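Working notes, structure below.
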Amino acid sequence: MSQSKDHWSSEAYSTSAAFVPKLAQTLLQYLDPQPTDTVLDVGCGDAKFTEAFLPAVGSVLGIDASPSMIESATKDYAGPNAAFRVVDCCYLEQDTSIVNGTWDKVVSNAALHWVLRNESTRISTLRAIFNCLKPGGMFVFEMGGHGNVGEVITALTYSLLQQGVSIEKARETSPWFFPSVDWMTSTLESIGFTVENMETEYRPTKLTSDKNGGLAGWVRLMGAQFLEVLPEGKRGATVQQICDVLQTIVTRQEDGSQWLGYVRLRGVARRT
Ligand SMILES: C[S@@+](CC[C@H](N)C(=O)[O-])C[C@H]1O[C@@H](n2cnc3c(N)ncnc32)[C@H](O)[C@@H]1O
């Protein structure tokens, strides 16, 4: 089953958010790619992160809900040991060709805070990941953690309220779930995983220059679902207002560069 609307554009992603896959060095160390590994990459996007471990493993299947991202991944990286498929991972358990207890590793970078947003499918998705793995298989992930981009969420919410959107609607509109170490550890353990590592890192992250989208490009791409509750004619001015509200907090005095307060949650859990 695929999402009704594709909020992602591989082109906008590579312009405004190319830093995302490049910041995953610790995750790659935890993945510890081996030549015999079969790896499932959940929320693979345009596969720029997948590319970083593809040459070191046996085979990879990248899955993502966005047809635009999968088209780009397939064009650039599909080959004898790499395939990419459109799958809405909120309903991963329905795909028995993937959820088959045979994978050595399931990896995910910067995607699970979207995938796990919906409370009603959150646990079934994590259970499906467990059921993908062979006994002894490893789930390795990095995602937004509790407090991630708190300044942006505050500014987005403020701007929606200013446009007459109710606070309940504004909260409901948020496309993200940023869990804590405690939530993720206890949830994975309740599913049957043995959690080997769970950590958060405050990682201020530099945005691209204005020429490449900058803060406005980030807000338009990552905050698309927030903005969608507004009539199209009001979105441009709202993005401008959000950038104005954020200006002081995200801009560094020394060189004018702009940084967001990313908080990452990283974990390694094993199906024992
Ligand atoms: C920030 S990108 C990360 C892409 C890639 N993992 C990387 O490191 O560059 C987030 C990805 O999550 C995907 N995504 C969001 N919701 C999803 C869902 N329900 N099922 C599968 N993929 C989803 C998006 O389409 C997008 O490609």
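The values are calculated or read from the model by the stated rules, or taken from the named source; none is laboratory data. The shown structure was predicted, so the numbers you read here are calculated from the model rather than taken from an experiment. For neighbour counting, all protein chains shown are included, and Cβ atoms are generated from backbone atoms with ideal geometry for every residue, glycine included. For accessibility, only protein heavy atoms count, side chains too; no ligands or nucleic acids. Shrake-Rupley method; radii C 1.70, N 1.55, O 1.52, S 1.80 Å.
Quick notes on this structure:
- Looking at the stretch 83-171, the helices (runs of 4 or more DSSP H) lying wholly inside it that each contain 2 or more residues that are under 16 Å from residue 45 (Cβ atoms) sit at 112-115.
Conditions tested, residue by residue: (1) within 11 Å of the ligand (Cβ to nearest atom); (2) crowded, with 23+ Cβ neighbours inside 10 Å.
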| residue | (1), (2) |
| --- | --- |
| 75 | no, no |
| 93 | no, no |
| 129 | no, yes |
| 144 | yes, no |
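- Those residues of the stretch 189-227 which are basic (Lys, Arg), assigned to a helix (DSSP H, G or I) and in contact (Cβ under 8 Å) with a residue 12 or more places away in the chain, in sequence order: 220
- Among residues of the stretch 40-59 being of a type outside the set (Lys, Arg) and assigned to a helix (DSSP H, G or I), the one that is surrounded by the fewest Cβ atoms within 10 Å (Cβ to Cβ) is 55.
- Where residue 238 falls short, out of the listed (1) outside any loop (DSSP other than H, G, I, E, B); (2) more than 18 Å from residue 175 (Cα to Cα): (2)
- Close pairs (6 angstrom Cβ cut-off, 6 or more residues apart or separate chains): touching a residue at least 60 places away in the same chain (Cβ under 8 Å) in the stretch 155-180, hydroxyl-bearing (Ser, Thr, Tyr) and surrounded by 13 or more Cβ atoms within 10 Å (Cβ to Cβ) anywhere: 159/238
- Count - residues of the stretch 226-237 that are within 16 Å of the ligand (Cβ to nearest atom) and either β-branched (Val, Ile, Thr) or open to solvent by less than 50 Å² (accessible area, probe 1.4 Å) (or both): 1
- Index of the failed condition, residue 62 passing every other in (1) in a helix (DSSP H, G or I); (2) open to solvent by less than 20 Å² (accessible area, probe 1.4 Å): (1)
- Tallying residues that are in contact with a helix residue (DSSP H, G or I) (Cβ under 9 Å, 6 or more places away or on another chain) and open to solvent by 30 Å² or more (accessible area, probe 1.4 Å) within the stretch 29-39 yields 3.
- Filtering the stretch 9-36 to residues that are touching a strand residue (DSSP E or B) at 6+ places or on another chain (Cβ under 8 Å) and at pLDDT below 90 leaves 19, 20, 21, 23.
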